[in-house]
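Read through the structure below, which is laid out as structure tokens, and then see the notes.
The values are calculated or read from the model by the stated rules, or taken from the named source; none is laboratory data. Note that the coordinates shown come from a computational prediction; the quantities given were computed from them, not determined experimentally. Cβ coordinates were reconstructed from backbone atoms using ideal geometry, including for glycine residues, and neighbour counts include every protein chain displayed. The area values use the complete protein model at the heavy-atom level, side chains included, leaving out ligands, DNA and RNA. Shrake-Rupley method; radii C 1.70, N 1.55, O 1.52, S 1.80 Å.
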Amino acid sequence: MSVKKIVVLGTGGTIAGTASSADDNVGYTAAQVGVAQLLAAIPALQGLPLHTEQVAQLDSKDMTFEVWRLLAARCAHWLAQDDVQGLVITHGTDTLEETAFFLQAVLAPAKPVVLACAMRPSTAIAPDGPQNLIDAVNVALCAPARGVVAVCAGVIHGAADVQKVHTYRLDAFGSGDAGPIGYVEEGAVRLLRAWPQGDVQAAGRALAAVARVTAMPPVEIVMSHAAATGAVVRALVALGVRGIVVAATGNGTVHTELREALRQARAAGVRVVRATRCANGRVLPAAADDLPHSAGLSPVKARIALALELMD
Ligand code: SIN
């Protein structure tokens, strides 16, 4: 049997960033180096059956629905090939958790789709990108691996739980209460819990919907905070928003004034979902709730879930 290949899709990020000085880890420009060039510079990856494709080249803070749409289509294309074992996607750290969640929702892949990133640019004295890429390829080569995961600093995070938790450290991601899926230790995967599983039929419908539309339904995030008002919500409703995710305080509580504006938005047909602005934990439902909760999704992921629902 011929050896199956890993397809590495490039989208940009710090992993592909360059700085004018090797000792500058923050004053760099993201998304400068092509994915083929990144891989060619890593001796440990030479001789492996890798195929590269540059899907986008951007700083992930500027991620767009168009790029997600193209990325999902290219992933679906490659995942359907019998000779492909899995995918690696190079990506910026800033919105990595959103892309991971989106891809899991529209692909629910039976093969591994591994997001790889870096906190230091490729020109740094000690860049973290090469080791993260080696680890990501090892996860993609791991036969039982499946679903969308992110690998950073030797830790494997699932798409549903992964969250950027640090602005600067190399180990910049966490998986909250769920904890990581596992670790990559000198090339070997040590699994702690199950790989992400998804609803394949729902994902198929979501992928078809994403291919059909040219824009995401407008869903915005507002935050509840001290002295909050309903002004932003009223403005969004006037602009024709279709969904609002509220990043609520604590266990899903919302400032009285904001809550009233959200009730009125709902009455006007806008979908409203409550997530928590807490970094850990989930909104636990209570009998008196009148605004639906996000079923454990963070505000940015709840926004994607709601937009996909509104596309259906
Ligand atoms: C980005 O998200 O594209 C830039 C920041 C990073 O990758 O760490």
Local electrostatic count, G92, Cβ distance below 14 Å [Lys/Arg +1, Asp/Glu -1]
-3
What is the sum of charges, Lys and Arg at +1 and Asp and Glu at -1, for the other residues whose Cβ falls under 14 Å from the Cβ of D82?
+2
W68 accessible area, assembled protein chains, probe 1.4 Å, Å²
10
How much of the calculated P(r) for the range 216-311 lies past 19 Å, in percent of all Cα pairs?
32
Positive minus negative residues near L291 (Lys, Arg vs Asp, Glu; Cβ under 9 Å):
+2
Which whole-angstrom value gives the distance between the alpha carbon centres of the range 60-91 and the range 238-260?
32
J(HN,Hα) series, the range 112-117, from Karplus relation 6.51 cos²θ - 1.76 cosθ + 1.60, nearest Hz, glycine and proline x:
x, 10, 10, 7, 10, 8
Let me check something: with ligands and nucleic acids excluded, how do T256, T52, T90 order by accessible area (1.4 Å probe), largest to smallest?
T256, T52, T90
Kirkwood radius from Cα pairs of the chain plugged into Stokes-Einstein at 20 °C, 1.002 mPa s, gives D in µm²/s equal to 106
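Count the lysine pairs in the chain that are 8 or more places apart or on different chains: how many have C-alpha atoms under 16 angstrom apart? Can you show the working numbers first?
Details: K4/K111; K5/K111; K61/K164; K61/K301; K164/K301.
Summing the qualifying lysine pairs gives 5.
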Distance in nm between label sites at L191 and S20, each 7 Å beyond Cα in the beta-carbon direction?
4.9
hull vol. (C-alpha, convex hull) per residue for the range 5-191, Å³ -> 101
Distance between modelled label sites at I42 and R205, nm, 7 Å Cα→Cβ extension:
3.7
Rg and Dmax of the range 131-269, Cα atoms only, in Å
19.9, 55
